[in-house]
Amino acid sequence: MSDIVKIKGLKSGLQLSFATGASFDDVKANLLDKLQSGNNFFIRGTTVFVQKGYFTEEQNEVLRRMFHRHGMLFSTELKRPNLTSPSSEPAKKEPEPIRKMMTINRTVRGGEEIRTQASILIVGNVNPGARIIADGSIDIRGTCRGYVHAGASGDTSAVVVADRLMPVQIRIADVIARSPDEPETAEFAERASIKDGQIFIEPVKR
């Protein structure tokens, strides 16, 4: 079943093509297997394109819901660039792509460093000695005991959220703070954000 669905990377997302003669049920099962296996192509926030008219509207709706459950968008409208001659008017500048989210489904161990130009979701702990650096926000579904830097490109609206926030150092844009020496037991998750030029940590509900 590994060759039923083929994936082509585009600037605007991913384009899917399918093996000749493959049934819709085979395509759906193969896509679900790829999604559940943590395929590196399927990053949250990515738009997935399928050729218009390849499936029925009902089948497209099934795929749209499946991708939505995994944090992705589904579309049959793939815009291709127009080819123009040198005498034609210059093409308009394309808008900046939507920031995507990287997902890490494991604990980040000490000595590891993860950098991304996107936001990042970590389903696991961030151990002491680990470094997480993101241009967007950082969401940790576990305990954070390492170094975290959100808004690394200067985004002061970025936040850091963790089930328990106990970093060696926390940084948002250019503002730096440390966690308390004896953090209280948190009933809720904790969120760090910049308020009045300082990093402020508050409890939040997931």
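Descriptive notes on the structure:
- Summarising the amide proton neighbourhood of residue 124: residues at separation of 5 or more, or on other chains, whose placed amide H is nearer than 5 Å comprise 141, 142.
- In nm, spacing of pseudo-spin labels at residue 195 and residue 8 (7 Å Cα→C-beta vector): 5.0
- Residue-wise HN-Hα coupling along the range 58-75, computed from phi with Karplus coefficients 6.51, -1.76, 1.60 (Hz; x: Gly, Pro): 5, 5, 4, 5, 4, 5, 4, 5, 5, 5, 4, 4, 9, x, 10, 9, 10, 8
- Given R0 = 45 Å, the distance between the Cβ atoms of residue 168 and residue 23 translates into a calculated FRET efficiency of 0.30.
- Solvent-accessible area, 1.4 Å probe, carbon plus sulfur percent, for the range 4-53: 46
- For the range 101-180, the carbon plus sulfur part of the accessible surface works out to 44%, probe radius 1.4 Å.
- A crude spin-label estimate for the pair residue 202 and residue 177, with each label 7 Å from Cα along the Cβ direction, gives 1.1 nm.
- Taking amide H as placed 1.01 Å from N in the peptide plane, residue 102 has its amide H under 5 Å from the amide H of 119, 120, 121, each at least 5 places away in sequence or on another chain.
The values are calculated or read from the model by the stated rules, or taken from the named source; none is laboratory data. Predicted model, so just to flag it, every value in this text is computed and none were measured. For neighbour counting, all protein chains shown are included, and Cβ atoms are generated from backbone atoms with ideal geometry for every residue, glycine included. Side chains included, ligands, DNA and RNA excluded: accessible areas come from the protein's heavy atoms. Shrake-Rupley method; radii C 1.70, N 1.55, O 1.52, S 1.80 Å.
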